[in-house]
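One structure below.
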Amino acid sequence: MSGLTFSELKHEEFAELVSSYNFLVHLFFGDITEDRCDVLDEYTTIRHNGFY
């Protein structure tokens with residue numbers, strides 16, 4: 001589904017989210033990059049678990 005969606009979009013229609021979006025929470029203490037947030041509350045994480 002995502003491949004089909006991406007094939008229909010133009011390059012100008014893509015937007016890169018800031019690094020604080022969809023952050024993997026378990027990597028917080030190991031993150032040594034310079035754009036790391038100071039506290040975990042500054043991140044936005046989205047997770048969906050589905051069992052079908």
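Give a residue-ordered list of calculated ³J(HN,Hα) values for region 5-16 (Karplus: 6.51 cos²θ - 1.76 cosθ + 1.60, θ = phi - 60°; whole Hz; x for Gly, Pro).
Karplus-based 3J(HN,Hα) across region 5-16 equals 4, 5, 5, 8, 9, 8, 4, 5, 8, 7, 9, 8 Hz.
Quick one, which of (1) 87; (2) 127; (3) 162 is the actual volume of the Cα convex hull per residue in Å³ calculated for this model?
Among (1) 87; (2) 127; (3) 162, the one derived from this structure is (2).
Please compute the contact order of region 1-51 in relative form: average sequence separation of alpha-carbon pairs under 8 Å and at least six residues apart, divided by the residue count, as a percent.
Averaging sequence separation for qualifying contacts and normalising by length gives 39 percent for region 1-51.
Rule-based calculations on the coordinates, nothing more; no lab input. What you see is a predicted model, and the numbers here were worked out from it, not measured in a lab.
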